[in-house]
Every structure is written in structure tokens, then in C-alpha cells.
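This report refers to the structure that appears directly beneath it.
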Amino acid sequence: MPRLNAKPEPVEVELDRSAIVVVDMQNAFASKGGTLDIAGLDLSDAADVVRAIGQVIAAARTAGVPIVFLQMGYKPDLSNAGGTRSPNYHKELAMHLMNSKPELKGQLLTEGSWDFAVVDELAPTPSDIVIIKTRYSGFAGTTLDAQLRVRGIQYLFFAGIATNVCVESTLRDAYFLDYWPILLADGTMPAGGRSAYEATMFNVESFFGWTVGSGELLACLGARGR
């Protein structure tokens with residue numbers, strides 16, 4: 001099995017049983033004019049994250065490693081947002097913005113909207129797995145676990161936005177379900193300052209999995225693709 005130079009220690013992976021999980025690389029979180037930008041959060045690292053993920057996706061496709069895209073999104077009538085008795089209705093960022101600014105309703109993370117769409121540079125192909133979620137974790141109320149298990153996948157490489165919210169939430173659930181979570185350190189960006197990113201790195205490396213640079217993963221995928 002390939003041995004990755006990961007943190008906090010090297011980890012062996014089976015690429016035949018691996019997948020790349022791309023979390024919420026949507027205009028909402030990576031593009032000017034999207035939900036994070038409207039909320040006043042820093043998007044300065046988004047272009048570098050898109051670039052790193054794009055390189056990994058291309059190498060993974062060549063190597064025959066599945067790509068899973070997670071997309072946060074709601075029905076236009078918000079029937080899957082949880083309703084007023086759900087904390088998601090009040091705390092999830094797009095919901096909070098739409099509740100506080102009625103003129104934004106139907107524009108943020110609404111299925112079919114620009115905000116909801118994956119950024120053009122990373123657009124999924126028909127061979128990719130695309131899963132729409134309505135909560136921070138990609139495992140909450142979705143078929144993600146079933147889709148992975150039917151393919152015999154056990155090792156998950158995570159990338160996306162936001163490091164400290166949907167990425168970490170999905171990664172933690174993966175750990176609880178006995179997947180091996182590996183976070184792409186330069187393929188993720190927080191909602192908040194550098195301290196939020198560093199907190200997730202600490203949590204992952206100390207308790208929930210491993211982190212690795214995209215260069216290390218690209219070398220591993222490239223060796224398989226040859």
C-alpha cells in the first residue's frame with residue numbers, strides 16, 4: 001500500500017478503496033458575491049484552494065479514484081431546511097442571512113441558483129458522485145455512507161470549504177463510521193480567521209485522522225496513474 005508522508009505520522013492507504021471528497025466547493029463559499037462574501041468573510045485563499053483541488057481531481061480521475069462532490073442546498077420553498085423548530089433554520093449561515101435579509105430569500109444555497117452551483121473550474125463530470133446535503137455534515141440525512149460502502153471505499157481524502165464547518169463536520173462523522181479521514185491541508189479554507197483553520201488541523205491530527213499536502217497526494221496518485 002502507498003505510504004503517505006502525512007501528519008502527525010505517515011499513513012498507509014489503499015487507493016483501490018479510496019475516494020476524494022470535495023466539500024461545498026460552490027459559488028456560495030468560493031466566489032465573490034456568494035454567501036460567505038455577503039457575510040463579510042475572507043475569500044482571499046479561495047483561488048489557491050480551487051487550484052489545489054483541481055489538480056487533485058484531475059490526477060484522481062486519471063488514477064481511477066472516485067470523486068464525491070457534496071453540495072449544500074435547499075429546495076426553493078425551504079421545506080428541507082428543518083423549519084423554525086430546527087437550529088439549522090436559525091444558525092446555518094445562508095439560512096441566517098435569508099431570515100435576516102428577506103430580499104436574499106431564494107438566492108442563497110437554493111437548488112438551481114448560481115450560489116448553489118459548484119464553481120466552474122471544478123464542475124463535476126457524469127462519472128462523479130454528487131450528493132446534495134442540507135446540514136453541515138455530508139453524512140447527515142444523505143446516501144453518502146451507502147454510496148461509499150457499496151463501492152468498498154474506506155479511505156477518504158477531504159478538501160473544500162469551510163475547513164472548520166462542513167469539512168470538519170463531515171470528516172468527524174467519517175471517523176465515527178470507521179472511515180480513514182485524511183484532510184488535504186492546502187485544499188481547504190476556513191470560515192473565519194487563520195485560528196479557525198489551525199484549530200481544525202489540530203483536531204484532525206490529534207484526534208480524528210491525518211493531514212497531507214496536495215503535492216504528496218499528487219505524487220501518490222501519479223504513480224498509480226502511470
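The values are calculated or read from the model by the stated rules, or taken from the named source; none is laboratory data. Everything numeric here is computed off the predicted structure, so don't read it as measured data. Cβ placement follows ideal geometry from the backbone for every residue including glycine, while neighbour counts extend to all protein chains displayed.
Quick look at the values:
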{"item": "Residue among Ala63, Ala6 that is more than 18 Å from the chain's Cα centre (by Cα), closer than 17 Å to Gly187 by Cα and at pLDDT 95 or above", "result": "Ala6"}
{"item": "Residue in the range 199-219 that is farthest from the chain's Cα centre (by Cα), counting only those that are farther than 14 Å from Val11 by Cβ and among the polar types (S, T, N, Q)", "result": "Ser206"}
{"item": "Unique residue being under 21 Å from Gln26 (Cα atoms) and surrounded by 21 or more Cβ atoms within 10 Å (Cβ to Cβ) when the list is Leu78, Leu144", "result": "Leu144"}
{"item": "Some residue of the range 77-97 being of a type outside the set (S, T, N, Q) and either part of a strand (DSSP E or B) or touching an Asp or Glu at 6+ places or on another chain (Cβ under 7 Å) (or both)", "result": "no"}
{"item": "Residue in the range 130-141 that is surrounded by fewer than 18 Cβ atoms within 10 Å (Cβ to Cβ), in contact with a Gly (Cβ under 9 Å, 6 or more places away or on another chain), under 20 Å from Arg61 (Cα atoms) and touching a residue at least 40 places away in the same chain (Cβ under 8 Å) present", "result": "yes"}
{"item": "Qualifying residue in the range 158-172 (condition: in contact (Cβ under 8 Å) with a residue 40 or more places away in the chain, aromatic (Phe, Trp, Tyr) and under 20 Å from Asp24 (Cα atoms))", "result": "yes"}
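Let's see how each residue does on (1) over 29 Å from Ala39 (Cα atoms); (2) touching a residue at least 24 places away in the same chain (Cβ under 8 Å); (3) in a helix (DSSP H, G or I); (4) not polar (S, T, N, Q):
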position	(1), (2), (3), (4)
Asp145	yes, yes, yes, yes
Leu156	yes, yes, no, yes
Ala185	no, yes, no, yes
Thr188	no, yes, no, no
Asn203	no, yes, yes, no
